[in-house]
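Asks: The structure under discussion is supplied below as structure tokens; questions concerning it will follow.
The values are calculated or read from the model by the stated rules, or taken from the named source; none is laboratory data. Treat the numbers as computed from the prediction; the structure is a model and nothing was measured. All Cβ positions, glycine included, derive from the backbone under ideal geometry; neighbour counts span all protein chains shown.
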Amino acid sequence: MPHVPAARATMTVALIGNPNTGKSSLFGALVGVRQRVGNYPGVTVERRSGLMEYAGRKIEVVDLPGLYSLAPRSRDEMVAVDVLLGRQDGVPPVELVVCVLDAANLGRNLYLASQVLELGLPTVVAINMMDLAESRGIQIDCDRLAERLGVPVVATQAVHHVGIAELKAAMHRVAGREGRAYSSPLPPVFHQEIDRLAGWFLKSGNGSPGRAVARPLLERLVLDASGYLERSIFAAEGSPLAEELAALRLRLEQSGCAVPGVETRSRYAWIEQIVSGAVHEPDNYLPTWTDRLDRVLTHRVWGTAIFAALMIGLFQAVFSGAVPFMDLIEAGCARLGAQIEAQMAEGALRSLLVSGLVGGVGGVLVFLPQILILFFFIGILEDCGYMARAAYLMDRFMSRVGLSGKSFIPMLAAFACAIPGIMAARVIENDRDRLTTILVAPLMTCSARLPVFALLIAAFIPDEPVLGFFDLRGLTLFGLYALGILTAVVVALLLKRTLLRGETPPFVIELPSYKWPSVGTVLHRVLERGWLFVRCAGTIILAVSILVWAALYYPHDAASVDRQPHLSRLKAALDRMDPAGEDYAALAAELERERLGEFQRQSWLGRAGRAVEPVFKPLGWDWRISCAVIASFPAREIVVATLGVVFDLGEDADAESEAGAKQFRDRLRQATWNGSARRLFSIPTALSIMVFFTLCAQCAATLAVIRRETNSLRWPAFTFAYMTALAYLGGLVTYQLGTWIAVRIG
Amino acid sequence: MVHAVIPLKRLLCGQAAFVNRISGPPDHVHRLEELGLRGGVRIEMFRPGSPCIIRMAGNKVCIRSDGLLEVLVQPAETLASP
């Protein structure tokens, strides 16, 4: 039995339960708004905890990931085991466990409870959603269950805060006591083998020095048919342990206790004894309103149509509903920038503050409304129980790509921004599926790509109807979205058949009963995700904005710029004009723009653009486009501003206003190749830039999040390499093929 | 009348059955058993196909098993209400 630590100032309580047991609502009911979300050190498993006080004692409640079993097959399950065994960094030893069970599905929920009770920690069982169980005709005798389990059993309805005071009182009563002596449901022969394995570990010379290993961990090691523990925390033991385990499992099989089947058999036999006479279930379940809704919502035709309508509504809300808020943020940043410009003298510091700092922060904040709206909708769909149906409907399609329905939500989120999409992939249990989803999520057309699409489509794609009711510009945008999705499908298929090939685990998800979404839970989740985005993307985008600013600003050699013949000519013309004349101001502004453009051309980034021009020439790009594309590698959203600068529209090029956009488009249309009258931009050039932007990994924040989520530098490097190669190839084929067609059709 | 054991995917909409056995990689079988899908449990087909939705002890579970995993069931005497 684990040692129960002496009472500390703050007690640590672990909250554990199956998914869909109302665990999050119970956690919210216990700790209120005092919640914190982060990661467990070294792993990308979300650590959710909160503080509560009871009878003058501070209690930290750690909400463990929703699990069906403590059998560690994934990071989530491993973290839960480690937290309960006191082995997890960043979490003090657990002094009490609250095991949350779904009243309407007690039999299956007691499976996890039996594993938790075996750990010997002080435990309280909370049977949640009693109202739902009663409405289905299920009767539960909590006193009898408590007597049989040997731990307090409290009935709760967390959403309505029913039973929370009783639960807190039970937690207080049990805290600090020794956990009850619990007789394991597994057969004696199994425990004899565990004793033998404990002895094997204590002996040195088995590949590592002798050591004591916690008994629950040894049990899990023997029962772990997936080999996860052998490969992870027992990897150092190598083949001697593998041989020992093989022999041990063979002996168990010969005794009629083959693993892992012995565990489910023994535990379910124990559960039948526990619930016998304490839980009464009806012989036949009457159809509920969840069943009636599911008949429509999971229907192949109606369900798919409703799902498609919901997705269209979600996109509409994300892309149209966010516009006024995005405009407000942009206007606020522009105003702040103008105020700084008005109050500071020209120089490096002013430029850094306006272009680097305010521009960088604004560049991040402008996406926040879309992300908040997206997560608000996802939160509602998740909380009411619909998301599991969406995963069911999408699984038919996703399984053809080698993924499962669970990859759908991350992909959907990635249409707003790849970062929340990659973070949402944590719900995928299978590591290979999760990694594949992370690696293809950046191919979904995020909203940062839209400004450059809007600019180039409006400037170069004719506004013509197609087949009477389609619009060529709309079709071009649709084609770019479709290109991203199709490429993601092909890359996912290739990855699952090559680098990430492996056995596909069965796809199993529970379809929870529908319920009204809890406003508090949804809003809390929305704010949490929004903050995570601002913190994560904000710091990185801000840093790269400053770097790009520096690359475009320095060396800032005024003498060298002013020596340029075209600037000297403009300056001379201006000097000859009457400062009171009507054309003076226009010419002065033009001189200023040209001067600024020259500074950019002579900047480090401008020089880099010229250096790489031969590389991008086959794509139809000159050094200016190359320069804007290089500048947008850390954050693609800055490409429009950079194009504005390199095509001499000035730093304040306002592509949003109608007049500004027209001026911008005209300038791009008039641009010619250096030293010739040949137009720089053509439809193939514009298409090649847009295809490049569709496929390229131009977002340092996304790569940093991939690094964090995969705990490796290899995968962000791989993503960058494959996406950049695809983008170059896509841009090249588009330009060359487009030019060839243009020549043929004259 | 005793019904023959058939694969889960052949169960019709609304048809009830008892799980006879699950065959496949031990870890995958173990996973399904942990979720409550194990020998002797009564299920009812809610939405056939791949993936399918079955009702199990009042709850619904969506399952797609690949070729390696097979859930074999024995249909119950009567058809449950659709």
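Asks: Any idea which of (1) buried (at least 20 other Cβ atoms within 10 Å of the Cβ); (2) of a type outside the set (Lys, Arg); (3) within 14 Å of another protein chain (Cβ to nearest Cβ) is the one A:Phe375 doesn't satisfy?
Replies: (3)
Asks: Residue by residue through region A:409-464, note down the ones that are within 30 Å of A:Leu668 (Cα to Cα), modelled with pLDDT under 85 and charged (D, E, K, R).
Replies: A:Asp463, A:Glu464
Asks: Quickly run through region B:47-64 and pick out the residues that are touching a residue at least 24 places away in the same chain (Cβ under 8 Å), within 7 Å of chain A (Cβ to nearest Cβ) and within 11 Å of the chain's Cα centre (by Cα).
Replies: B:Val61, B:Ile63
Asks: Among the candidates A:Val519, A:Val561, A:Val508, which residue alone is without any contact (Cβ under 8 Å) to a residue 60 or more places away in the chain, within 14 Å of chain B (Cβ to nearest Cβ) and of a type outside the set (S, T, N, Q)?
Replies: On the way: A:Val519 fails: within 14 Å of chain B (Cβ to nearest Cβ); A:Val561 fails: within 14 Å of chain B (Cβ to nearest Cβ).
None of the other options fit; the residue is A:Val508.
Asks: Of A:Pro282, A:Pro287, A:Pro260, which residue is within 11 Å of chain B (Cβ to nearest Cβ), surrounded by fewer than 19 Cβ atoms within 10 Å (Cβ to Cβ) and touching a residue at least 12 places away in the same chain (Cβ under 8 Å)? Break it down into steps so the answer makes sense when it comes.
Replies: Details: A:Pro287 fails: touching a residue at least 12 places away in the same chain (Cβ under 8 Å); A:Pro260 fails: surrounded by fewer than 19 Cβ atoms within 10 Å (Cβ to Cβ).
Among A:Pro282, A:Pro287, A:Pro260, only A:Pro282 is within 11 Å of chain B (Cβ to nearest Cβ), surrounded by fewer than 19 Cβ atoms within 10 Å (Cβ to Cβ) and touching a residue at least 12 places away in the same chain (Cβ under 8 Å).
Asks: Any residue in region A:592-599 that is modelled with pLDDT under 85, small (Gly, Ala, Ser) and closer than 30 Å to A:Thr734 by Cβ? Show your work before the answer.
Replies: Pass one, region A:592-599, residues modelled with pLDDT under 85: A:592-599.
Among the residues that remain, those that are also small (Gly, Ala, Ser) are: A:597.
After this cut, where a residue has to be closer than 30 Å to A:Thr734 by Cβ as well, the list is A:597.
Looking for residues that are modelled with pLDDT under 85, small (Gly, Ala, Ser) and closer than 30 Å to A:Thr734 by Cβ, one finds at least one in region A:592-599, hence yes.
Asks: Within region A:294-305, how many residues are crowded, with 17+ Cβ neighbours inside 10 Å and more than 10 Å from chain B (Cβ to nearest Cβ)? Give the derivation first.
Replies: Residues of region A:294-305 crowded, with 17+ Cβ neighbours inside 10 Å: A:294, A:297-298, A:303.
The next check asks that each one be more than 10 Å from chain B (Cβ to nearest Cβ); those that pass are A:297.
Count: 1.
Asks: Within region A:402-419, is there a residue that is buried (at least 24 other Cβ atoms within 10 Å of the Cβ), in contact (Cβ under 8 Å) with a residue 12 or more places away in the chain, within 11 Å of chain B (Cβ to nearest Cβ) and not in a helix (DSSP H, G or I)?
Replies: yes
Asks: When you scan region A:527-548, do you find a residue that is within 14 Å of chain B (Cβ to nearest Cβ), surrounded by 20 or more Cβ atoms within 10 Å (Cβ to Cβ), charged (D, E, K, R) and not in a loop (DSSP other than H, G, I, E, B), even just one?
Replies: Kept after step one, since they are within 14 Å of chain B (Cβ to nearest Cβ), are these residues of region A:527-548: none.
No, region A:527-548 contains no residue that is within 14 Å of chain B (Cβ to nearest Cβ), surrounded by 20 or more Cβ atoms within 10 Å (Cβ to Cβ), charged (D, E, K, R) and not in a loop (DSSP other than H, G, I, E, B).
Asks: Out of the helices (runs of 4 or more DSSP H) lying entirely within region A:670-746, which hold 1 or more residues that are closer than 30 Å to A:Ser74 by Cα and at pLDDT 95 or above?
Replies: Details: elements: A:683-695, A:700-710, A:714-745.
Answer list for region A:670-746: A:714-745.
Asks: Does at least one position in region A:337-358 carry a residue that is in a helix (DSSP H, G or I), under 30 Å from B:Cys62 (Cβ atoms) and more than 14 Å from chain B (Cβ to nearest Cβ)? Spell out how you get there, then give the answer.
Replies: Step one: list which residues in region A:337-358 are in a helix (DSSP H, G or I), which gives A:337-343, A:348-358.
After this cut, where a residue has to be under 30 Å from B:Cys62 (Cβ atoms) as well, the list is none.
Scanning region A:337-358, I find no residue that is in a helix (DSSP H, G or I), under 30 Å from B:Cys62 (Cβ atoms) and more than 14 Å from chain B (Cβ to nearest Cβ), so the answer is no.
Asks: Would you mind stating whether A:Glu528 is out of contact with any helix residue (DSSP H, G or I) (no Cβ under 9 Å at 6 or more places or on another chain) and among the acidic types (Asp, Glu)?
Replies: Numbers: out of contact with any helix residue (DSSP H, G or I) (no Cβ under 9 Å at 6 or more places or on another chain): no; among the acidic types (Asp, Glu): yes.
In short, no.
Asks: On to the next question. Name the single residue, out of those in region A:712-730 being buried (at least 16 other Cβ atoms within 10 Å of the Cβ) and among the small types (Gly, Ala, Ser), that is farthest from the chain's Cα centre (by Cα).
Replies: First, pick out the residues of region A:712-730 that are buried (at least 16 other Cβ atoms within 10 Å of the Cβ): A:715-716, A:718-720, A:722-724, A:726-728, A:730.
Checking which are among the small types (Gly, Ala, Ser) leaves us with A:727, A:730.
On the way: A:Ala727: 23, A:Gly730: 27 Å.
The qualifying residue farthest from the chain's Cα centre (by Cα) is A:Gly730.
Asks: Within the set of pairs 6 or more residues apart or between chains, which connect a residue that is touching a residue at least 24 places away in the same chain (Cβ under 8 Å) inside region A:735-746 to a residue that is polar (S, T, N, Q) and part of a helix (DSSP H, G or I) with Cβ atoms less than 6 Å apart?
Replies: Once the first residue is touching a residue at least 24 places away in the same chain (Cβ under 8 Å) and sits in region A:735-746, its partners that are polar (S, T, N, Q) and part of a helix (DSSP H, G or I) give A:Tyr735/A:Ser688.
Asks: If a residue has to be buried (at least 16 other Cβ atoms within 10 Å of the Cβ), more than 9 Å from chain A (Cβ to nearest Cβ) and at pLDDT below 90 to count, how many in region B:1-46 make the cut?
Replies: 1
Asks: Search region B:2-21 for residues that are within 9 Å of B:Pro75 (Cβ to Cβ) and pair each with any residue that is at pLDDT below 90 and not in a strand (DSSP E or B) when their beta-carbon atoms are under 6 Å apart and the residues are at least 6 apart or on different chains.
Replies: Partner pairs satisfying both residue conditions: B:Ala16/B:Ala80.
Asks: Let me ask something else about it. Among residues belonging to region A:81-104 that are hydrophobic (A, V, I, L, M, F, W, C) and in contact with a Pro (Cβ under 6 Å, 6 or more places away or on another chain), point out the one that is farthest from A:Ala169 (Cα to Cα).
Replies: The first filter runs over region A:81-104 and keeps only residues hydrophobic (A, V, I, L, M, F, W, C), leaving A:81, A:83-85, A:91, A:94, A:96-101, A:103-104.
Narrowing further to those that are in contact with a Pro (Cβ under 6 Å, 6 or more places away or on another chain): A:81, A:96.
Details: A:Val81: 26, A:Leu96: 13 Å.
That would be A:Val81.
Asks: Still on this structure: Which condition from (1) farther than 26 Å from A:Ser355 by Cα; (2) without any contact (Cβ under 8 Å) to a residue 12 or more places away in the chain is the one that A:Ala586 breaks?
Replies: Going through the list (1) farther than 26 Å from A:Ser355 by Cα; (2) without any contact (Cβ under 8 Å) to a residue 12 or more places away in the chain, A:Ala586 breaks only (1).
Asks: (1) more than 20 Å from B:Ala57 (Cβ to Cβ); (2) away from chain B (no Cβ under 13 Å); (3) touching a Leu at 6+ places or on another chain (Cβ under 7 Å): which one isn't true of A:Ala246, the others all being true?
Replies: (3)
Asks: Here are some residues: A:Arg426, A:Arg400. Which one is touching an Asp or Glu at 6+ places or on another chain (Cβ under 7 Å) and of a type outside the set (A, V, I, L, M)?
Replies: Details: A:Arg400 fails: touching an Asp or Glu at 6+ places or on another chain (Cβ under 7 Å).
Criteria check complete, one pass: A:Arg426.
Asks: It is to be established whether one or more residues within region A:633-643 are among the basic types (Lys, Arg), at pLDDT below 85 and either over 35 Å from the mean Cα position of the chain (by Cα) or over 21 Å from A:Gly347 (Cα atoms) (or both).
Replies: Just the residues of region A:633-643 that are among the basic types (Lys, Arg), to begin with: A:636.
Right, trim to at pLDDT below 85 and you get A:636.
From the residues that got through so far, the ones that are either over 35 Å from the mean Cα position of the chain (by Cα) or over 21 Å from A:Gly347 (Cα atoms) (or both) too are A:636.
Among the residues of region A:633-643, at least one is among the basic types (Lys, Arg), at pLDDT below 85 and either over 35 Å from the mean Cα position of the chain (by Cα) or over 21 Å from A:Gly347 (Cα atoms) (or both), which makes the answer yes.
Asks: Of all the residues that make up region B:1-49, how many are of a type in the set (Asp, Glu) and more than 16 Å from B:Leu69 (Cβ to Cβ)? If you could, list the steps in order and put the result at the bottom.
Replies: Pass one, region B:1-49, residues of a type in the set (Asp, Glu): B:27, B:33-34, B:44.
Now narrow it down to the ones that are more than 16 Å from B:Leu69 (Cβ to Cβ): B:44.
Number of matching residues: 1.
Asks: Here is a follow-up. Do the conditions hold for A:Arg449, that is, is it charged (D, E, K, R), more than 28 Å from A:Thr298 (Cα to Cα), in contact (Cβ under 8 Å) with a residue 24 or more places away in the chain and not assigned by TED's automatic domain parsing to the domain that holds A:Met78?
Replies: On the way: charged (D, E, K, R): yes; more than 28 Å from A:Thr298 (Cα to Cα): yes; in contact (Cβ under 8 Å) with a residue 24 or more places away in the chain: yes; not assigned by TED's automatic domain parsing to the domain that holds A:Met78: yes.
Criteria met by A:Arg449.
Asks: Here are some conditions: (1) in contact (Cβ under 8 Å) with a residue 24 or more places away in the chain; (2) of a type in the set (D, E, K, R); (3) within 13 Å of another protein chain (Cβ to nearest Cβ). A:Arg396 meets all but one. Which one does it not meet?
Replies: A:Arg396 satisfies every listed condition except (1).
Asks: Which is in contact with a Ser or Thr (Cβ under 7 Å, 6 or more places away or on another chain) and farther than 30 Å from A:Gly385 by Cβ, of A:Leu435, A:Leu483, A:Leu494, A:Leu467? Steps first, answer last, please.
Replies: Details: A:Leu435 fails: farther than 30 Å from A:Gly385 by Cβ; A:Leu494 fails: in contact with a Ser or Thr (Cβ under 7 Å, 6 or more places away or on another chain); A:Leu467 fails: in contact with a Ser or Thr (Cβ under 7 Å, 6 or more places away or on another chain).
Selected residue: A:Leu483, the only one of A:Leu435, A:Leu483, A:Leu494, A:Leu467 that is in contact with a Ser or Thr (Cβ under 7 Å, 6 or more places away or on another chain) and farther than 30 Å from A:Gly385 by Cβ.
Asks: Right, next: Take region A:124-152 and flag every residue that is of a type outside the set (A, V, I, L, M), more than 13 Å from every other protein chain (Cβ to nearest Cβ) and within 13 Å of A:Glu281 (Cβ to Cβ).
Replies: So the first thing to find is which residues in region A:124-152 are of a type outside the set (A, V, I, L, M), and the list is A:128, A:131, A:134-137, A:139, A:141-144, A:147-148, A:150, A:152.
So of that shortlist, the ones also more than 13 Å from every other protein chain (Cβ to nearest Cβ) come out as A:128, A:131, A:139, A:141-144, A:147-148, A:150, A:152.
Those that are of a type outside the set (A, V, I, L, M), more than 13 Å from every other protein chain (Cβ to nearest Cβ) and within 13 Å of A:Glu281 (Cβ to Cβ): A:Gln139, A:Asp141.
Asks: How many residues are loosely packed, with under 15 Cβ neighbours inside 10 Å, in contact with a helix residue (DSSP H, G or I) (Cβ under 9 Å, 6 or more places away or on another chain) and of a type in the set (A, V, I, L, M) when one looks only at region A:312-345?
Replies: Number satisfying all stated conditions: 4.
Asks: If A:Thr436 passes every condition in (1) surrounded by 21 or more Cβ atoms within 10 Å (Cβ to Cβ); (2) away from every other protein chain (no Cβ under 14 Å); (3) closer than 22 Å to A:Met311 by Cα but one, which one does it miss?
Replies: For A:Thr436, the failing item is (3).
Asks: Taking the residues in region A:492-514 that are crowded, with 18+ Cβ neighbours inside 10 Å and of a type in the set (Val, Ile, Thr) as candidates, determine which candidate is modelled with the lowest pLDDT.
Replies: A:Thr504
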